[in-house]
Amino acid sequence: MHVDAGALADFARGCAVLGSGGGGPADVTLPIAGQAIEDCGPVRVAEPAELPADALVMPVGLVGSPAVAAERIGGRDEPARLRARFESLHGTPVAAVMSSEIGGLNGCVALAWAARLGLPLLDADSMGRAFPRMDQNVLELAGLRPCPAVLVDELGRTVVVDGVDGAHLEHFVRAALDAFGGRAASADYPLTAGQAARHAVTGSVTRALALGRGEGPEPLLTGKVSAVRRYSAQDADGDDATAVLLEGAGPDTGRLVLVEARSEFVAALEDGTPLAVVPDVIALVDVATGWAVPVEEVRYGLRVRLVTLPSAPVWYTPDGLRLAGPSAFGLPGLAPGRRSEGGTS
């Protein structure tokens, strides 16, 4: 399978849904991917099993503030610099690119960089959605080392982080981002194609394409945003929180659904009963545009469809829930929602 210019908008819309309201707006990096494909040609999407088991895979993405990423789109040389340092650390050529986070803007980033590097993009990623922390990924759950991790920017400045675990990688990278001006390109959790086949969330690129073509589930509710409240959360990270009240319309008239958010939407409740809870994917899709709405762009009066999807099954295991379940987002009293029975590997 190849992703060409004609499939890009569908792919980006699907990535926006899988962002669960976070991961940065996918429409910001959609033009970057479009230019890369125009310059370099369509990108081949490969299953991990199509590569030799020992082939080196480079997970890539942007880290830092999505707002800064929207203003600093980066340069064409960033992926080449990232690849050069990554290969020098591992002593072998990179055989494929993999998205570190399919949800939000990083899906299109990985696609663009695969095009620029002339490499296949694995039909897989490290999360299957978007999460706020770098260590909230399935490779961490599998016990893979996050380092050496490489950070570069459009000016050629480069930082290598080594000798730390996933939780400390997050701290080191966030500290380095101050010097980078709030945004950097990253490659972390290095792995082989064989490890990707066993541990990554496979099928994530094709899932995003299908969602973007409208092949997703029926919405749980269609209506409008009747209230938005921003406040400080009580979770360990002290993130800002958002509560969104949805008022049903048409067949859903009379229904009220409360959607809670941190960096991503983390719970949807009706009459106190969970409809979906993180690690479920929860998206508010703008009825007018068909694009999933980022948490920070939700506003009163917006007409939306509430859509929920299962995450990869590993996120519903005890270890997965400890890393990225309700308690990790300050919702210890909520159990995973009804979507926890399904998922993709």
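For the stretch 238-284, taking the reciprocal of the average inverse distance between every pair of different Cα atoms yields a Kirkwood hydrodynamic radius of 11.1 Å.
Modelled label positions at Ala210 and Ala70, each set 7 Å beyond Cα in the direction of Cβ, lie 3.1 nm from each other. Extension gain, Leu89 to Ala335: 0.36 nm times the residue separation minus the Cα-Cα distance gives 84.4 nm.
Altogether, the Stokes-Einstein calculation at 4 °C and 1.567 mPa s, with the Kirkwood radius of the stretch 259-306 over Cα pairs as Rh, returns a diffusion coefficient of 116 µm²/s. Start at zero, step by 10 Å, and the Cα-Cα distances of the stretch 170-263 spread as 12, 19, 30, 28, 10, 0 percent across the bins.
When the alpha carbon gyration tensor of the stretch 19-112 is reduced to an equivalent ellipsoid, the three semi-axes, largest first, read 23, 15, 14 Å.
Assuming R0 = 45 Å, what is the FRET efficiency of Arg322 and Ala5, from their Cβ-Cβ distance, to the nearest 0.05? Each step should come with its number before you reach the end.
Working: r = 42 Å, r/R0 = 0.93.
It comes out at approximately 0.60.
Over all other residues within a Cβ to Cβ distance under 14 Å of Leu246, the charged ones net out to 0, with Lys and Arg as +1 and Asp and Glu as -1.
Using a cut-off of 9 Å between beta-carbons, work out the net charge of the residues near Ala149 (Lys and Arg +1, Asp and Glu -1, Ala149 not included).
After counting each charged neighbour, the total is -2.
Rounded to the nearest 0.05, what FRET efficiency do Ala167 and Thr253 have when you use their Cβ-Cβ distance and R0 = 41 Å? Between Ala167 and Thr253 the formula returns 0.35.
Applying the Karplus relation 6.51 cos²θ - 1.76 cosθ + 1.60 with θ = phi - 60° to the stretch 205-210 yields 3J(HN,Hα) values of 5, 5, 5, 4, 4, 5 Hz, where x marks Gly and Pro. Counting Lys and Arg as +1 and Asp and Glu as -1 over every other residue whose Cβ lies under 13 Å from the Cβ of Val257, the net charge comes to -2. Near the amide H of Ala312, under 5 Å away, which other amide H atoms are found, from residues 5 or more places off or on another chain, if H is placed in the peptide plane? Here Thr344 satisfy the definition.
Per residue, the accessible area of the stretch 1-80 comes to 40 Å² when a 1.4 Å probe rolls over the protein heavy atoms. For the chain, with all protein chains in place and a probe radius of 1.4 Å, 52% of the accessible heavy-atom surface sits on carbon or sulfur. Kirkwood's formula applied to the C-alpha pairs of the stretch 141-200 gives a hydrodynamic radius of 12.3 angstrom.
Protein heavy-atom accessible surface, 1.4 Å probe, per residue over the stretch 133-215: 37 Å².
In terms of packing, defined here as the mean over residues of other Cβ atoms within 10 angstrom, the peptides 175-181, 275-281 line up highest first as 275-281, 175-181.
Taking all protein chains into account, the per residue accessible area for the stretch 261-342 stands at 40 Å² (1.4 Å probe).
Scoring 76-83, 158-165 by mean Cβ neighbours within 10 Å over their residues and listing the highest first yields 76-83, 158-165.
Ordering Leu8, Gly75, Asn106 by Cα displacement along the dipole of the stretch 1-139 toward the positive end leaves Gly75 in first place; charges were set at the Cβ atoms of Lys, Arg (+1) and Asp, Glu (-1).
Report, in debye and to the nearest 20, how large the dipole of the stretch 260-308 comes out about its Cα centre when Lys and Arg carry +1 and Asp and Glu carry -1 on their Cβ.
Details: 4 positive and 8 negative charges, 33 e Å.
I would put it at about 160 debye.
As a rough guide to protection, the peptides 129-139, 44-54, 101-111 ranked by mean Cβ packing within 10 Å, highest first, stand as 101-111, 129-139, 44-54.
For the chain, relative contact order (Cα pairs under 8 Å, six or more residues apart, normalised by length) works out to 20 percent.
Need one number: nm distance between label points at Arg229 and Glu270, each 7 Å from Cα along Cα→Cβ, rounded to one decimal. It works out to 2.2 nm between the two label points. The magnitude of the dipole of the stretch 119-181, with charges of +1 and -1 set on the Cβ of Lys/Arg and Asp/Glu and taken from the Cα centre, is near 60 debye.
The values are calculated or read from the model by the stated rules, or taken from the named source; none is laboratory data. Here the structure is a predicted model, which is why all the values come from computation and not from measurement. Cβ atoms come from the backbone with ideal geometry, glycine included; neighbour counts cover every protein chain shown. The area values use the complete protein model at the heavy-atom level, side chains included, leaving out ligands, DNA and RNA. Shrake-Rupley method; radii C 1.70, N 1.55, O 1.52, S 1.80 Å.
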